[in-house]
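Working notes, structure below.
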Amino acid sequence: MTGLVIKNTGSWYIVRTEDGRDVECKVKGNFRLKGIRSTNPVAVGDRVQIAENCEGTAFITEIEDRKNYIIRRASNLSKQSHILAANLDQCMLIVTVNYPETSTTFIDRFLATAEAYRVPVCIVFNKTDLYDEDDCRYLEGLIHLYTTIGYPCLKVSASQGQGLDEVKAMLRGRITLFSGNSGVGKSTLINALLPGTAARTGEISAAHNKGMHTTTFSEMYPVDDAGGYIIDTPGIKGFGTFDMEAEEIGHYFPEIFEASAGCRYGNCTHRHEPGCAVLKAVEEQRISQSRYASYLSMLEDKEESKYREAY
């Protein structure tokens, strides 16, 4: 029997079958993905085959081929990955310029990973009702930066119901991953978009201006009758990239990849080489300093990881 994984509760998965039933399932045996060392062999959004038993539960016996997925390096497990969700039409990266602040490094790492797995991303700036003049100025600068690169951006206030119509229009008929740091208001936004969902919300730590985890497990929420779903995921404090070679990182920054066509050397790392078109573009402010810094940080992380593995 075929079904869709709509919730991960740790040791159990909830699978919605073709006849509309929700069945509690476990993974059968030593289940491993093809070539991927993952902390979660089955992800929300997977299409799976299940075998039911007399107790009313079932085993997941097979995962159907995925069209894509979003993956990150697992916390404290440098050689393992964690799949956030599978079979996505798009991602909405929920960010806040304050309360708490989402760093451009986090945004850029997420965008690069989505580029690597060919998942379109829309950046949703939440909590706009809370921003002062300086916050608003910074917000407009970020929107200009990312829309210029090619990422659509939306401004919303989930708590005030502002900007929700544009978000709803983009959700229709699509499977959309909601992701972002803890505290940016993913669950509040889902509750505003889908009244009655009752996704858990939490408070911001005043001491550190950081969010506390409230979503414990990933879950899918139906949006409409056209196959639209929102996948809510636990908040992410950091985004460690996985399964990406150092020489490939620049490919996942569209403006860096475009500029690199003019580099003198084909294996240019865009750090110190003569005739580097990327460095020239940074100097001429055609590539932003923040994006270039994010590229360098990912490159350094990859080199440090290789060094640790060698020793």
Pair list, Cβ < 8 Å and 6+ apart or interchain, from region 282-311 residues that are closer than 19 Å to Thr104 by Cβ to residues that are modelled with pLDDT of 95 or more and open to solvent by 80 Å² or more (accessible area, probe 1.4 Å): Val282/Gln289; Leu296/Arg271; Leu299/Arg271
Given the conditions (1) assigned to a loop (DSSP other than H, G, I, E, B); (2) closer than 25 Å to Thr104 by Cα; (3) modelled with pLDDT of 85 or more, report the number of the one that Thr201 does not fulfil. (3)
Just checking, how many residues over region 101-120 are at pLDDT 95 or above and over 17 Å from Tyr295 (Cβ atoms)? 4
Checked Ala169, Ala207 against criteria (modelled with pLDDT of 90 or more, more than 16 Å from Lys127 (Cα to Cα) and surrounded by fewer than 13 Cβ atoms within 10 Å (Cβ to Cβ)); the one match is Ala169
If I filter region 271-289 for residues that are hydroxyl-bearing (Ser, Thr, Tyr), modelled with pLDDT of 95 or more and in contact with an Asp or Glu (Cβ under 6 Å, 6 or more places away or on another chain), do I get at least one hit? no
In region 250-270, how many residues are open to solvent by 30 Å² or more (accessible area, probe 1.4 Å), outside any helix (DSSP H, G or I) and modelled with pLDDT of 95 or more? 5
Please identify the pairs in which a residue from region 31-54 that is more than 11 Å from Val5 (Cβ to Cβ) has its Cβ atom under 7 Å from the Cβ atom of a residue that is at pLDDT 70 or above and of a type in the set (Asp, Glu), counting only partners at least 6 apart or on another chain. Gln49/Glu62
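Listed here are the residues, each with its yes/no results for (1) open to solvent by 50 Å² or more (accessible area, probe 1.4 Å); (2) modelled with pLDDT of 95 or more.
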{"residue": "Ile14", "(1), (2)": "no, yes"}
{"residue": "Gly20", "(1), (2)": "yes, no"}
{"residue": "Arg32", "(1), (2)": "yes, no"}
{"residue": "Ser38", "(1), (2)": "no, no"}
{"residue": "Ala43", "(1), (2)": "no, no"}
{"residue": "Asn53", "(1), (2)": "yes, no"}
{"residue": "Ile60", "(1), (2)": "no, no"}
Please go through region 118-134 and pick out each residue that is of a type outside the set (Asp, Glu) and open to solvent by 40 Å² or more (accessible area, probe 1.4 Å). Arg118, Pro120, Leu130
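The values are calculated or read from the model by the stated rules, or taken from the named source; none is laboratory data. No experiment lies behind these values; they were computed from the predicted model shown. Every residue, glycine among them, receives a Cβ derived from its backbone with ideal geometry; neighbour counts consider all protein chains shown. To get the accessible areas, we keep the full protein, side chains included, count just its heavy atoms, and leave off ligands, DNA and RNA. Shrake-Rupley method; radii C 1.70, N 1.55, O 1.52, S 1.80 Å.
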